[in-house]
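Participant: Would you mind keeping the following structure in view while I ask a few things?
No lab work stands behind these numbers, since they all come straight from the coordinates. This one's a predicted model, so the numbers in the text were calculated from it and none came from an experiment. When we count neighbours, we look across all protein chains shown, and the Cβ atoms used for this are built from the backbone with ideal geometry, even at glycine.
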Amino acid sequence: MKELKILGIVTVFTLILYWGVEPFAHSQMHKHVEGDDFKYADLPALKVKGNAQNGQALAAACVGCHSIKTQGMAAPMDAVTSAQTYGVNPPDLSNIGALLDEKFLAHFLLDPAKVTKSKHFAMPPSAGSEQDAADIVAYFKSIAPKDVSPKEAYVTACGRCHANRYDHWTQIGDVPKTKSNIKTGVDLDALEFKKKVGIYQNKLADYMGKLPPDLSIIIRARSEKFLETFIEDPQSQLPGTAMPRVGLTKEGYEKVKAYLEKTGDPSKPLREETGPKVLLFFVIFTFLAFLWKKSMWKGHH
Amino acid sequence: MAHFDENARPFSHKWLNERLAIDTLKRVLSTEYWIPKNINFLWAMGMVLAATFGLLLISGIFLLMYYQPNTQLAFDSVNYTIMSEVGYGWLWRHIHGVGASVVFLIIYIHMFTGIYYGSYKKGRELIWLSGMLLFVLFSAEAFSGYMLPWGQMSYWAGMVITNLFSGGSLHANGLVEWIRGDYVPGQAFLNRFFMLHVLLVPLAIIGVIVLHFGTLRIPHVNNQDGEEIDFEEAAELYKAGKVKESKVIPFNPVFLSKDVFVMGVYFILFFYLVFYHFEFAMDPVNFDPADPLKTPTHIYPEWYFLWSYEVLRPFPTDPGLVAFGFAQVIFFLLPFLDRSPNVAPASRRGAFKFWFWALLIDMIVLTFMGKLPPEGIWSTIGLIAALTFIGLWIALPIITAKEKKL
Ligand code: HEM
């Protein structure tokens, strides 16, 4: 039938057009990076087995800078003071055993700057030997909570550098609920908090060379492939960047991604729910229209 | 003095007829607006365009209730307020984004249908010209709308496109600043593009759609064979009940029923894109907030502007601008550059057949190259395609003048 032939031609040209401006153009514009599925193949396998009990003693040194809140160990300094000392606030270590790759973490403790591939990394080497490193890792694995929420994963792995304003997250914590003075409208507590964030961000920008971007809607600004390979190894996509390789496991990355999806693309569940209904409506609409057309054109040919 | 029946019930048929002539209106505009029977679904594209414009208008009105035309607030008003706080705000936005992209696909199909069947000739010149006016207005509407989220692409595309008005070595920087209201895109720039997008351009579009419909009424639409139909005679035949013998059908309800069916098929595709495949219409780069200090690695316009962008890019600045100006106006001249007397599908028009397919393929090649980085082989292909484009239009009057009368 002639109309179907025409429809075929229109469809073919439309698809060619789409292919050229979308998949093809993007494949040419963006560097192709092969990820290694968060296996960190560049780091050799550990030759020793860790002992959590020894690790616990060694981890006491970590609390000179970090907190381990689930074990009742507070940080020696607040976030702003830490940033004034190191340029950034060392993350809480409670759940690193659940989020970071074991092999990565052990090598990281031996030589943080090299393993994170950042030119400078404010944390000094913190394990004397491979055995010590393995012991510390074993300890953090032993205290790791079974369930880490997407937000907790983000806070541990990215939150010290990246704000997320759509979730009211700043590098020093959630924006607190404050009240303004009814007579003047001035909210001193909020201003106080803003100032603290400001001081932190200035220090962070000095340390990193620039302020790391807010990640509220990054999930729509970058392709999935980019995010995955970039977080696995920032140097692979932005050579020379100050962002460190953080050493997430595949599951840890999935958690971070779930959080970014929640803040940057919150309509996904509703889309998946509404879509089929709307399409069904138009299928029925089209079917009825077809019957109407048939009856109208009866006897015309 | 008209006669008004004092006993007519207000808003009754008679009452309305005496005041609005609704029977006559209905007859002239729909039940006795005759459409040739010999047409295919491509003739429904006009109504598909009208429906898409309707979708854009409605979704736009909803977006307008929450959008903030302020360089500090615009990005988050769209990406946060509308996308996550407003109930179904994301749906309106995705309809608006997908609609803006798809409307151009349908416009191009509609234009190339007109070119293929020669529907711009012999009394149909004004249809074509008003259609081209709509194309220009839709381009302005799409461009101004693209500025509003104030993302990286908004800012930098705004910068690059307004820069074109400096006229190359004319260095008309004053003109560029006048258009921007500032040295660089900023608050004044955003505000005026906001005004254009939500008021002036849509108003003009509605006006020109009415004009476009008006220009159709007397020449009637063309048909698949370019056959010249005696509409009066055919209409009499139809009204006498010889619907099978008559070459025409009334717009309402017979042709309309087909329009609505085609629209239904189109809506299925449209809403599939809205729910499952909207990314193609919303460039990722525009989800980074505008940053005047950071030029994106690749700056490119939306897909529907790529071919004309690529007619500009491969040349040095001044000739490039001339070529670009050429690309913008040349389609307006089509009814006068085509000098053949034939109104017929391209397939029966000898050399014009090759011209038609060459133009279509060349514009697709230009579109591909317009997005790719202008390096190596891509810029060579782009240059050849741009020269081919210009060459084709220069050749058009020559090959059509030689065309034999059918
Ligand atoms: C964007 C908004 C537009 C709308 C709403 C619109 C609407 C319509 C409608 C309803 C028709 C009659 C049905 C049909 O033949 O499809 C029509 C016909 C036509 N339009 Fe458009 N149109 C638009 C843009 C354009 C453009 C950009 C052009 C090309 C420059 C154009 C050129 C024509 C021509 C040549 C016809 C006559 C077709 C024939 O006689 O066979 N229109 N338009």
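Participant: Would you check if there is a residue in segment A:226-237 being of a type outside the set (D, E, K, R) and not in a helix (DSSP H, G or I)?
Facilitator: For segment A:226-237, residues of a type outside the set (D, E, K, R) and not in a helix (DSSP H, G or I): absent.
Participant: Additional query: Any residue at all in segment A:239-252 that's under 23 Å from B:PRO284 (Cα atoms), more than 9 Å from chain B (Cβ to nearest Cβ) and touching an Asp or Glu at 6+ places or on another chain (Cβ under 9 Å)?
Facilitator: no
Participant: Looking at A:ALA163, A:ALA153, A:ALA157 in this structure, which one is in contact (Cβ under 8 Å) with a residue 40 or more places away in the chain, within 14 Å of chain B (Cβ to nearest Cβ) and either on the phi > 0 side of the Ramachandran plot or within 13 Å of the chain's Cα centre (by Cα) (or both)?
Facilitator: Checking each option against the conditions leaves just A:ALA163.
Participant: Does B:ALA100 qualify as being crowded, with 19+ Cβ neighbours inside 10 Å, more than 10 Å from chain A (Cβ to nearest Cβ), of a type outside the set (Val, Ile, Thr) and away from the ligand (no atom under 16 Å from the Cβ)?
Facilitator: So B:ALA100 fails the test.
Participant: Name every residue in segment B:318-377 that is within 14 Å of chain A (Cβ to nearest Cβ), part of a helix (DSSP H, G or I) and loosely packed, with under 14 Cβ neighbours inside 10 Å, in order of residue number.
Facilitator: If the condition is that a residue be within 14 Å of chain A (Cβ to nearest Cβ), part of a helix (DSSP H, G or I) and loosely packed, with under 14 Cβ neighbours inside 10 Å, then B:SER347, B:TRP357, B:GLY376, B:ILE377 are the ones that fit.
Participant: Then there's this: If B:LEU42 meets every condition in (1) surrounded by fewer than 17 Cβ atoms within 10 Å (Cβ to Cβ); (2) within 14 Å of chain A (Cβ to nearest Cβ); (3) in a helix (DSSP H, G or I) apart from one, which number is that one?
Facilitator: Failed condition: (1).
Participant: Okay, moving on. Mind counting the residues in segment B:126-154 that are more than 9 Å from the ligand (Cβ to nearest atom), outside any loop (DSSP other than H, G, I, E, B) and more than 14 Å from chain A (Cβ to nearest Cβ)?
Facilitator: Total meeting the criteria: 10.
Participant: OK, next. Just to confirm my filter: which helices (runs of 4 or more DSSP H) fall fully inside segment A:1-102 and include at least 3 residues that are of a type in the set (A, V, I, L, M) and within 14 Å of chain B (Cβ to nearest Cβ)?
Facilitator: Qualifying helices (runs of 4 or more DSSP H): A:2-19.
Participant: Within the group A:GLY198, A:GLY185, A:GLY209, which residue is small (Gly, Ala, Ser), exposed (fewer than 13 other Cβ atoms within 10 Å of the Cβ), closer than 30 Å to A:LYS103 by Cβ and out of contact with any helix residue (DSSP H, G or I) (no Cβ under 6 Å at 6 or more places or on another chain)?
Facilitator: Just one listed residue meets the conditions, A:GLY209.
Participant: Here is a follow-up. Of the conditions (1) assigned to a helix (DSSP H, G or I); (2) crowded, with 18+ Cβ neighbours inside 10 Å; (3) within 12 Å of the ligand (Cβ to nearest atom), B:TYR120 fails just one. Which one is it?
Facilitator: Only one criterion in (1) assigned to a helix (DSSP H, G or I); (2) crowded, with 18+ Cβ neighbours inside 10 Å; (3) within 12 Å of the ligand (Cβ to nearest atom) is unmet by B:TYR120, namely (1).
Participant: If I filter segment B:82-91 for residues that are part of a helix (DSSP H, G or I), of a type in the set (Val, Ile, Thr) and away from the ligand (no atom under 16 Å from the Cβ), do I get at least one hit?
Facilitator: Yes, segment B:82-91 has at least one match.
Participant: Given the structure, is B:GLU228 more than 10 Å from chain A (Cβ to nearest Cβ), among the charged types (D, E, K, R) and assigned to a helix (DSSP H, G or I)?
Facilitator: So B:GLU228 does not fit the description; no.
Participant: Okay, next question. Of all residues in segment B:183-222 being out of contact with any Phe, Trp or Tyr (no Cβ under 8 Å at 6 or more places or on another chain) and not in a helix (DSSP H, G or I), which is farthest from the ligand (Cβ to nearest atom)?
Facilitator: Here the answer is B:TYR183.
Participant: Another question about this same structure. Among the residues of segment A:54-93 satisfying the criterion of being without any contact (Cβ under 8 Å) to a residue 60 or more places away in the chain and small (Gly, Ala, Ser), which is surrounded by the most Cβ atoms within 10 Å (Cβ to Cβ)?
Facilitator: For segment A:54-93, the residue satisfying everything is A:SER82.
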